[in-house]
Amino acid sequence: MPRGPFANAAEVRGDASARCRVAAGLMPGGLESEMSVGSVAGVRASEPHGTVALGDSLGTVCGVVSRVAGEPCVNVAGDPIMMDADDDVDGRAHDPAQRRPAGRRSDHMEGAPLADIRHRVGIAAPQDRVFAAIATRDGLAEWWTRTVDGNPERGGRMRFHFGRPDPGAVMEIVDVLAPDFVVWRCVDGVAEWVGTTLTFNLRTDGNETVVLFTHADWREPVEFMHHCSTKWAYFLLGLKRGLEGGSATPYPDDAPISGWG
């Protein structure tokens with residue numbers, strides 16, 4: 001079974017205690033960790049109860065599981081997992097053409113009010129080129145910050161500098177699979193970022209590569225998070241411009257969006 005948060009296929013069942021069982025290579029900590037990374041992928045429920053797939057929310061998955069088990073679905077901590085408001089009433093998956101990208105759902109659960117930044121960008125470039133721009137030192141230096149060092153492989157750490165001797169962010173490479181996704185965890189740098197998870201999920205859609213970006217697990221939606229959301233959008237649009245024949249504007253060539261940079 002593929003590792004990490006994007007397993008290709010797995011069965012979801014409800015056992016006697018109505019717990020979700022996801023037979024896939026999860027992050028340490030089980031289903032809760034998978035939720036925080038931001039995806040439940042390729043999950044199948046026993047027929048004839050329905051099918052859920054890549055892009056379905058955890059609420060959709062657990063709607064199917066609840067019908068299989070006949071009881072509410074809970075996470076590994078024993079807390080109920082609620083369906084999302086935009087899921088079908090009986091928990092069946094939406095038509096694939098109507099699905100929205102799945103994200104971490106723990107912010108919908110009582111006792112875990114974590115906040116996320118989310119962006120979607122379509123880039124008119126092959127998926128392997130977009131992946132290289134996100135998963136390599138040289139690629140990242142072309143659109144985020146020109147001063148990057150470290151090991152971009154799984155288990156390595158990357159250091160991103162923004163005009164000071166100490167790095168503004170140190171990212172542990174939690175998982176990476178070419179050309180589909182990159183997952184980082186911030187382990188040092190700006191206090192509000194430490195402990196957050198950043199995911200770049202890529203897929204080809206017609207003539208463009210779709211990048212689904214999530215900066216998850218902020219402890220609270222502070223004003224600095226609003227700033228970072230706008231700045232991430234700025235840099236992601238720079239990534240798009242650079243790969244489509246224009247010019248990206250990585251730090252220090254970026255335009256300030258406020259007095260904070």
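The values are calculated or read from the model by the stated rules, or taken from the named source; none is laboratory data. What you are looking at is a predicted structure, and each value in this text was computed from that prediction instead of being measured. Every residue, glycine among them, receives a Cβ derived from its backbone with ideal geometry; neighbour counts consider all protein chains shown.
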Q: Report, by residue number, each residue of region 237-252 that is crowded, with 16+ Cβ neighbours inside 10 Å and either aromatic (Phe, Trp, Tyr) or closer than 11 Å to Ala124 by Cβ (or both).
A: Lys240, Leu243, Tyr251
Q: Considering every residue within region 195-203, establish whether at least one is buried (at least 18 other Cβ atoms within 10 Å of the Cβ), among the hydroxyl-bearing types (Ser, Thr, Tyr) and not assigned by TED's automatic domain parsing to the domain that holds Gln127.
A: no
Q | Candidate set: region 105-135, residues that are basic (Lys, Arg) and outside any helix (DSSP H, G or I); chosen: the one modelled with the lowest pLDDT | A | Arg105
Q) Would you pick out the residues in region 123-148 that are acidic (Asp, Glu) and in contact with a helix residue (DSSP H, G or I) (Cβ under 7 Å, 6 or more places away or on another chain)? A) Glu142
Q | Those residues of region 115-135 which are surrounded by fewer than 16 Cβ atoms within 10 Å (Cβ to Cβ) and either over 28 Å from Phe224 (Cα atoms) or of a type in the set (S, T, N, Q) (or both), in sequence order | A | Ala124, Pro126, Asp128, Arg129
